[in-house]
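What follows is a set of notes on a single structure, which appears directly below.
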Amino acid sequence: MAKTLSKLTEALLETADEMHGAGLMGDDTYRKITVRHLGPDAPLAAEPITPEEIRRVREEAEHNDRLRRQVQIGLDSAAAGRLIPAAEVEAKFAARRAATRQRLAVPE
């Protein structure tokens with residue numbers, strides 16, 4: 001079971017990590033701090049990720065940004081009163097479904 005860290009401990013560990021990475025803190029001091037708060041089996045560094053993993057993370061972030069923008073556009077439109085009545089939408093798509101069924105019907 002993972003140990004839950006306080007915000008103060010998280011901040012301390014983040015600061016120690018940054019200082020160690022910048023060369024401002026020695027390996028012994030860094031290890032002492034991380035072992036004290038994370039235990040003796042704490043990794044000293046994160047596992048490296050592949051270029052493909054980086055690409056996937058970036059693509060997911062871009063997709064999420066696009067989705068958020070589209071949702072916000074819809075919310076702004078609704079707030080401004082630009083809405084289509086449900087009955088009108090239902091009628092439009094019922095007609096589209098009927099047209100599709102008719103195109104897909106196999107002649108006997």
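The values are calculated or read from the model by the stated rules, or taken from the named source; none is laboratory data. Quick caveat, the model's predicted, so the values are computed rather than measured. When we count neighbours, we look across all protein chains shown, and the Cβ atoms used for this are built from the backbone with ideal geometry, even at glycine.
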>> It is to be established whether one or more residues within the range 73-88 are assigned to a loop (DSSP other than H, G, I, E, B) and of a type in the set (Ser, Thr, Tyr).
In response: no
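Taking the stated definitions as given, is ASP28 exposed (fewer than 10 other Cβ atoms within 10 Å of the Cβ), at pLDDT below 95 and assigned to a helix (DSSP H, G or I)?
Working: exposed (fewer than 10 other Cβ atoms within 10 Å of the Cβ): yes; at pLDDT below 95: yes; assigned to a helix (DSSP H, G or I): yes.
Answer is yes for this residue.
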>> Please go through (1) out of contact with any Asp or Glu (no Cβ under 9 Å at 6 or more places or on another chain); (2) surrounded by 10 or more Cβ atoms within 10 Å (Cβ to Cβ) for HIS20 and return the number of the only condition it doesn't satisfy.
In response: (1)
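Results for (1) more than 30 Å from GLU14 (Cα to Cα); (2) free of Cβ contacts under 8 Å to residues at least 12 places away in the same chain; (3) surrounded by 10 or more Cβ atoms within 10 Å (Cβ to Cβ); (4) in contact with a His (Cβ under 6 Å, 6 or more places away or on another chain), shown as yes or no for each residue.
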{"site": "ILE33", "(1), (2), (3), (4)": "no, no, yes, no"}
{"site": "ILE54", "(1), (2), (3), (4)": "no, yes, yes, no"}
{"site": "GLN72", "(1), (2), (3), (4)": "yes, yes, yes, no"}
{"site": "ARG82", "(1), (2), (3), (4)": "yes, yes, no, no"}
